[in-house]
1. If we count other beta carbons within 10 Å of each Cβ, what is the order of Lys283, Lys188, fewest first?
2. Is the stretch 1-122 rounded, prolate or oblate when judged by the Cα gyration tensor, a ≥ b ≥ c being the square roots of its eigenvalues, rounded requiring a/c under 1.5 and prolate requiring a/b larger than b/c?
3. DSSP beta bridges in the chain, what fraction antiparallel, as a percent rounded to 5?
4. DSSP loop trypsin sites (Lys or Arg not before Pro) in the stretch 128-166 with at most 15 other Cβ atoms within 10 Å of their Cβ, which ones?
5. Quick one: Asp376, Asp197, Asp208, Asp81, fewest Cβ neighbours within 10 Å first, how do they rank?
6. Summing +1 for each Lys or Arg and -1 for each Asp or Glu, what net charge is found among the other residues whose Cβ lies under 12 Å from the Cβ of Val312?
7. If you fit an axis through the alpha-carbon atoms of helix 150-160 and take the longest principal axis of the Cα set of the chain, what angle between them do you get, 0 to 90°, nearest 10?
8. I'd like to compare 310-321, 33-44, 87-98, 355-366: which one has the highest average count of other Cβ atoms within 10 Å, and what's the full order after that?
Amino acid sequence: MIYINEINAAGKIAVDDTILVKGVPATAGSRMLENFKPLFSAEAVERLEKAGYAVSGKTNVGEFGLDLMGETSYFAPEVHDGKLVGAAAALVASGKVKAALNVDLNGAPRRAAAVSGVDFIKPTYGTVSRYGIIACACSGEQIGVTAANAEDAKEILSVIAGHDSKDGTSLPAEKYEYSTSENVAEMKICIVKELYDAASDAVKANIDAYAESLKKLGAEVEAVSLDIVNQAKTAWQILMAAETTNNLSRFDGVKYGYRTPEYKNIDELYVKSRSEAMGFLTKATIIYGSDVLAKAKYEKCYDKSLRIRRVVCDRVRELLAKYDAILAPACSQTEYKLYDALEAFEKVYEESLFTAVPSITGMPAMVTKGVQLIADSYKESVLLSIAKSVEV
């Protein structure tokens, strides 16, 4: 399926279905929004169109972007040769489009890029406008770019990045300049042991091969410990679930979205509409988010997670003061297969170990050649330069 809606066969930019395109259904992979048509386009889409790029279509996503890589979509997951793939990443890998815009909420575009062998860059939080996305976790989700290589990723990111007054989380710089020509030979890169050890042998082999490529380019590569990654995972899942609970509360069957055909009162309208229109993982996330926001657990869970976020930011920045980038797995495996939907919450929680640090800190991350690179804020050029140097 890949495309939920094809817009222009000649277009070279795909847009995932959590990003609005005027007049084109935006479902976020959910039955709840099956027939929702936005009245305006996302700021990132408008910037691309003004720059002369045409949108080819909307690509399938997992429900609200909460899952591993699209398996919870109401419109069926993308399965190629018995393996799960991300629709946008698979489309880019096929060469049918130059790039795709994706919302990185819980690492799904990063995992999809790693599995499909393409690049994905999640920029520093606030550098690309979030105006016009179907929001879940406002403090961490960010539009990024999937592309076949670092040069294409840089090209598209340069177009969409910059201040937007319509987005309250947008950073003030009007424009951001990115480079793929920084000297990798002068860089120091670290491999986080805790993430490396948690990955499969196949993923470890990818990390080892990438490290060897960096060493051949003259870079210094060292293994280090960052023992806060597990806390980052847990804290991000709590914050993400709490914010998702708040944001998805507007989908109640009243103003727009799916409405149950039979109900007797307002309470039944809410309960039946949401029960019938949302999948297991979304419901589980909402219940979990409601629990951590409850009065009895607010300080122990939600408030503590906010404090952990600050500690994680400080610890990672301390590490990145000594190193130019972190080399880590993007996911635990090199391939995924369909699984029982009731296992989704646990599987996503465990896999978020590899993607949580950039999500909770807002730091940029790039997936390339099946591995993940993480740098300090505004250091996208470091990531792009490393990626291009190894790609050449």
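1. Details: Lys283 15, Lys188 12.
Result, fewest neighbours first: Lys188, Lys283.
2. Numbers: a/c = 1.61, a/b = 1.18, b/c = 1.36.
Oblate.
3. On the way: 28 of 43 bridges.
Once the DSSP bridges in the chain are tallied, antiparallel ones form about 65 percent.
4. Numbers: sites: Arg130, Lys154, Lys166; in loops: Arg130, Lys166.
Sparse-neighbourhood loop trypsin sites (Lys or Arg not before Pro): Lys166.
5. Values: Asp376 19, Asp197 9, Asp208 13, Asp81 6.
By the 10 Å Cβ count, ascending: Asp81, Asp197, Asp208, Asp376.
6. On the way: positive: Lys233, Arg307, Arg309, Arg310, Arg315, Arg317; negative: Asp227, Asp314, Glu318.
Computed value for this residue: +3.
7. It is inclined by approximately 50 degrees.
8. Values: 310-321: 15.7, 33-44: 18.6, 87-98: 22.3, 355-366: 26.8.
By packing density, highest mean first, the sequence is 355-366, 87-98, 33-44, 310-321.
Read the figures in this text as sums done on the coordinates, not as results from a lab. Bear in mind that the values here come from a model prediction, so they are computed numbers and not experimental data. Cβ: placed from backbone, ideal geometry, glycine included. Neighbour counts: every protein chain shown.
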